[in-house]
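These notes are about the structure you will find just below.
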Amino acid sequence: MRDPRLHTLARNIVQYSLDVKPGEKVLIEMIGSERELVRCLVEEVYVRGGYPYVELIDPAVRASVLKDITEKQLEHWAALDLKRMEDMDCYVAIRAGENVNEQSDVPEDKMKLYKQLYQKPVHLEQRVKRTRWVVLRYPNASMAQLANMSTSRFEDFYFDVCNLDYSAMSAAMDPLQELMNRTDRVRIVGPGATDISFSIKGIGSVKCCGRRNIPDGELYTAPVRDSVNGVIAYNTPSVSSGITFDNITFRFENGRIVEATASDTKRLNEILDTDEGARYIGEFSLGFNPYILYPMKDTLFDEKIDGSLHFTPGQAYEQADNGNRSSVHWDLVLIQRPEFGGGEIYFDDRLIRKDGRFVVPELEGLNPERLK
């Protein structure tokens with residue numbers, strides 16, 4: 001029997017997140033073996049009068065292709081998929097791989113080529129900027145294991161998070177967006193090494209309230225590119241190119257990462273050396289989804305953790321653009337709730353969040369008890 005919560009999720013994606021119109025073309029891409037949500041999405045797109053197109057991808061097979069791929073092959077592959085993406089009005093990606101480390105055996109030089117020649121033109125330039133898109137995970141045993149939950153408990157958690165009332169969250173974000181848009185200086189302080197300052201003046205900000213990522217619950221901007229100085233020590237593990245990185249620490253001088261260390265410092269610096277923009281920050285965001293409390297090495301969830309922030313090396317988004325360009329966009333997360341060490345965020349020398357909780361009256365609507 002089909003889980004009715006899948007119907008709710010598919011309906012929310014098609015009707016609220018994408019707002020599919022009659023005659024619009026919707027590409028549904030499933031990475032993994034799950035099929036039922038894809039079927040629900042196809043049905044809902046047809047209900048709205050749209051045209052669904054489906055691609056099913058096996059992540060292990062994709063890893064095999066990437067291991068020995070050539071520059072010429074990547075350029076041809078990108079040209080084919082770019083043409084298809086240009087024809088689409090909407091895009092949904094469902095990621096349900098059984099192993100987050102599936103690409104760990106792909107050589108780093110091949111991953112760099114893939115990001116530069118495929119991901120950047122097809123996704124960063126075309127899909128992100130010119131389609132209405134949603135990216136989400138699917139609750140399987142692998143994700144439950146990463147979250148240290150049983151599969152049944154994780155499914156309940158997943159649907160609480162993904163079927164949240166995002167329209168109500170959107171209204172609660174308005175005061176933070178107004179404050180962020182008139183702020184110049186930001187300072188982030190945390191235990192140990194973290195003490196970093198930068199400007200966000202004139203950049204603007206974007207609410208993330210279920211229109212793009214599912215789950216959602218963040219508000220982002222970007223630092224003025226050359227304004228970042230100080231040190232940030234992240235306390236959340238992150239997976240990139242199939243490798244898990246822990247204890248990432250960056251030191252900045254005039255916007256540039258001049259020192260970077262982690263559990264695998266060599267691989268970390270290889271990623272940061274992908275191109276010039278990878279050593280500059282393209283996004284600064286505050287996370288506040290009330291149901292997401294602990295990291296699970298999945299960026300779509302971890303970057304929305306209640307009481308968190310992420311500070312992202314690489315490409316800036318066009319909607320809050322500081323001019324940084326890169327084939328990298330790596331959301332690295334710092335959680336500031338007390339059980340993770342706490343911390344403070346200041347806007348123009350005013351304390352706005354302490355130990356993960358908003359402490360000024362106009363922002364208290366984003367605290368977890370008000371969002372559930």
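The values are calculated or read from the model by the stated rules, or taken from the named source; none is laboratory data. What you see is a predicted model, and the numbers here were worked out from it, not measured in a lab. When we count neighbours, we look across all protein chains shown, and the Cβ atoms used for this are built from the backbone with ideal geometry, even at glycine. Just so you know, the surface numbers come from the protein's heavy atoms only, side chains and all, with ligands and any DNA or RNA stripped out. Shrake-Rupley method; radii C 1.70, N 1.55, O 1.52, S 1.80 Å.
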* Give the residue that is farthest from the chain's Cα centre (by Cα), with candidates limited to residues of region 130-142 that are modelled with pLDDT under 90 and not polar (S, T, N, Q). => Ala141
* Asked: Could you list, in sequence order, the residues of region 134-176 that are among the small types (Gly, Ala, Ser) and over 30 Å from Val360 (Cα atoms)?
  -> Ala141, Ser142, Ala144, Ala147, Ser150, Ser152
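Residue-wise test of (1) β-branched (Val, Ile, Thr); (2) more than 23 Å from Met111 (Cα to Cα).
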| site | (1), (2) |
| --- | --- |
| Gly277 | no, no |
| Phe311 | no, no |
| Ala316 | no, no |
| Asn324 | no, no |
| Ile335 | yes, yes |
| Gly356 | no, yes |
| Val360 | yes, yes |
* Does Ser152 satisfy the condition of being out of contact with any helix residue (DSSP H, G or I) (no Cβ under 8 Å at 6 or more places or on another chain), free of Cβ contacts under 8 Å to residues at least 40 places away in the same chain and not in a loop (DSSP other than H, G, I, E, B)? -> yes
* Structure fact -> Residue count, region 1-56, condition assigned to a strand (DSSP E or B), open to solvent by less than 70 Å² (accessible area, probe 1.4 Å) and more than 16 Å from Val134 (Cα to Cα), comes to 1
* Asked: In region 66-100, what residues are part of a strand (DSSP E or B), of a type outside the set (A, V, I, L, M) and either modelled with pLDDT under 95 or surrounded by fewer than 14 Cβ atoms within 10 Å (Cβ to Cβ) (or both)?
  -> Arg95
* **Val128 vs. criteria touching a residue at least 24 places away in the same chain (Cβ under 8 Å), among the β-branched types (Val, Ile, Thr), under 26 Å from Ala320 (Cβ atoms) and in a helix (DSSP H, G or I)** => yes
* region 144-196, residues that are closer than 29 Å to Asn247 by Cα, of a type in the set (D, E, K, R) and open to solvent by 70 Å² or more (accessible area, probe 1.4 Å) -> Arg153, Arg185, Arg187
* Asked: What number of residues within region 313-328 satisfy the criterion of being surrounded by fewer than 23 Cβ atoms within 10 Å (Cβ to Cβ) and either hydroxyl-bearing (Ser, Thr, Tyr) or modelled with pLDDT under 95 (or both)?
  -> 4
* **The one condition in (1) open to solvent by 70 Å² or more (accessible area, probe 1.4 Å); (2) outside any helix (DSSP H, G or I) that Gln103 fails to fulfil** => (1)
* Asked: Hey, any hits in region 296-304 for a residue that's buried (at least 24 other Cβ atoms within 10 Å of the Cβ), at pLDDT below 95 and not charged (D, E, K, R)?
  -> yes
* **Where Asp87 falls short, out of the listed (1) touching a helix residue (DSSP H, G or I) at 6+ places or on another chain (Cβ under 9 Å); (2) touching a residue at least 12 places away in the same chain (Cβ under 8 Å); (3) on the phi < 0 side of the Ramachandran plot** => (1)
* Is there any pair linking a residue in region 196-212 that is closer than 23 Å to Ala171 by Cβ to one that is open to solvent by 10 Å² or more (accessible area, probe 1.4 Å) and small (Gly, Ala, Ser), with Cβ under 8 Å and at least six apart or on different chains, and which? -> Lys207/Ser170; Cys209/Ser167; Cys209/Ser170; Gly210/Ser167; Gly210/Ser170
* **Residues that are under 23 Å from Ile281 (Cβ atoms), open to solvent by less than 50 Å² (accessible area, probe 1.4 Å) and not in a strand (DSSP E or B), drawn from region 338-362** => Gly341, Gly342, Gly343, Gly356
* Selected residue (only one of Gly210, Gly192 is at pLDDT below 95, over 30 Å from Arg251 (Cβ atoms) and part of a loop (DSSP other than H, G, I, E, B)) -> Gly210
